[in-house]
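Working notes for the structure below.
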Amino acid sequence: MILCDYHIHTPRCGDSEGDYEEYIEEALRKNLSEIGFSGHSPQYFLSKELRKRESAIPEEELELYIHEVETLQAKYRQSITIRIGLEVDFIPGKEDDLLPIIQIHSWDYLLLSVHYLDGWAFDHPKYISRYQEENINEIYRRYYRTLKAGVETGFFDIVAHFDLPKKFGFVPTEPIEEEEEVLQACQKKDMVLEVNTAGFYKPIGEAYPSFPILQKAQSIGLKICLGSDAHKPLSVGQSFDQALNMIRKAGFQSLTAFKKREKIPYPIP
Ligand SMILES: [Zn+2]
Ligand SMILES: [Zn+2]
C-alpha cells in the first residue's frame with residue numbers, strides 16, 4: 001500500500017520537537033510508505049537581524065538540513081522512501097530573494113504557504129486579536145489574493161493549508177470569490193492541493209481545506225496530496241483515515257506522490 005505524508009517539520013525548524021529518526025519511526029508505525037521532510041524555508045524576506053531561529057531553518061543551516069535528510073534516505077532505503085522539500089513562505093515582491101533558496105537543491109517538491117499578510121502572522125496565537133479588529137471577509141480576500149500570486153509564480157508544487165485563516169474559528173460570512181480564483185489558478189499551473197490534517201487539532205476542528213472547497217477542487221480536476229504538518233513525531237500521519245474518508249466522499253480516485261518535482265499518481269488506499 002502506498003501512502004505519503006509530505007508535510008513534516010524537522011528539528012532544524014526551531015519550533016518542532018524530537019529528532020528526525022523519531023519522525024521516521026512514527027511513520028513506520030503508521031504504515032506510511034513514504035514521507036517528505038518540509039522544513040520551514042529560511043526567512044529570506046527579513047533582514048538577517050530580524051530572522052528568528054524558532055520559526056525557520058537558518059539560511060546557513062540549509063545545506064546541513066539537506067545533508068541530514070540525504071543521510072537518512074540512505075539509512076532507511078529498505079523500509080521507507082524519504083523525500084526532501086521545503087515549506088516556503090510566499091511574500092509578494094520578495095521573489096528575487098527567494099530564488100537562491102529554491103535553486104540551492106533539486107528538491108522533491110516545494111510547498112507554497114502564506115502565513116503573513118503585510119507582516120501580520122495571522123496564524124500565530126499571539127496576534128489573534130486582529131481578527132476582532134478587521135473585517136473577516138476582507139482578511140480572506142487579501143489572503144486568497146496573496147495565495148493566488150504565489151501560485152502564479154510557478155515556483156511551487158503544492159498549496160499548503162489552503163484555507164488557513166479559519167484556524168482559530170473565524171470564517172467568512174459571505175462567499176469569497178477569490179477562493180474559487182485560487183483553485184482555478186492551481187488548475188492552470190497544475191499545482192497539487194494539500195489535504196492538511198493539522199486543522200483537526202486547531203479550534204476550527206476540521207482539515208484544511210474544508211469539505212466544500214475539496215469538492216470544488218475535485219470538480220475542476222485538481223490533484224491532491226496528504227500532509228500532517230507534524231511539529232512532533234506523534235503527529236506524523238495523524239488523522240489520515242479521517243482525511244481519506246473525506247477525500248473519497250469528495251469523489252477523488254487518486255493521490256499524488258512526488259519525486260524531483262515529478263507528480264506520480266497512486267490509488268487511494
Ligand atoms: Zn504552514
Ligand atoms: Zn508546516
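Coordinate-derived values only; no laboratory data. Fair warning: this is a prediction, and the values are worked out from it, not measured in the lab. Cβ: placed from backbone, ideal geometry, glycine included. Neighbour counts: every protein chain shown.
Summary of computed values
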read-out: Residue 52, sole failed condition from (1) within 16 Å of ligand 2 (Cβ to nearest atom); (2) part of a loop (DSSP other than H, G, I, E, B); (3) in contact with a Leu (Cβ under 6 Å, 6 or more places away or on another chain); value: (3)
read-out: Cross-chain or 6+ apart pairs with Cβ under 8 Å, region 190-216 first and part of a strand (DSSP E or B), then among the charged types (D, E, K, R); value: 192/157; 192/223; 192/263; 193/223; 196/229; 208/163; 208/166; 208/194
read-out: Contacts under 9 angstrom Cβ, first residue in region 223-240 being of a type in the set (D, E, K, R), partner buried (at least 22 other Cβ atoms within 10 Å of the Cβ) and assigned to a loop (DSSP other than H, G, I, E, B), 6 or more apart; value: 223/191; 229/9; 229/160; 229/161; 232/9
read-out: Condition check for residue 82: closer than 20 Å to residue 109 by Cβ, of a type in the set (A, V, I, L, M, F, W, C) and away from ligand 1 (no atom under 16 Å from the Cβ); value: yes
read-out: Looking only at region 108-123, and only at residues there that are within 21 Å of residue 162 (Cβ to Cβ) and out of contact with any helix residue (DSSP H, G or I) (no Cβ under 9 Å at 6 or more places or on another chain), the one that is farthest from ligand 2 (Cβ to nearest atom); value: 108
read-out: Residue ID - surrounded by the fewest Cβ atoms within 10 Å (Cβ to Cβ), chosen from residues in region 45-84 that are touching an Asp or Glu at 6+ places or on another chain (Cβ under 9 Å) and free of Cβ contacts under 8 Å to residues at least 24 places away in the same chain; value: 48
read-out: Residue within region 31-41 that is under 28 Å from residue 265 (Cβ atoms), touching a residue at least 24 places away in the same chain (Cβ under 8 Å) and in a helix (DSSP H, G or I) present; value: no
read-out: Single residue of region 186-209 satisfying the filter (among the aromatic types (Phe, Trp, Tyr) and under 20 Å from residue 268 (Cβ atoms)) that is nearest to ligand 1 (Cβ to nearest atom); value: 208
read-out: Residue among 7, 105 that alone is within 29 Å of residue 141 (Cα to Cα) and either within 16 Å of ligand 2 (Cβ to nearest atom) or assigned to a loop (DSSP other than H, G, I, E, B) (or both); value: 7
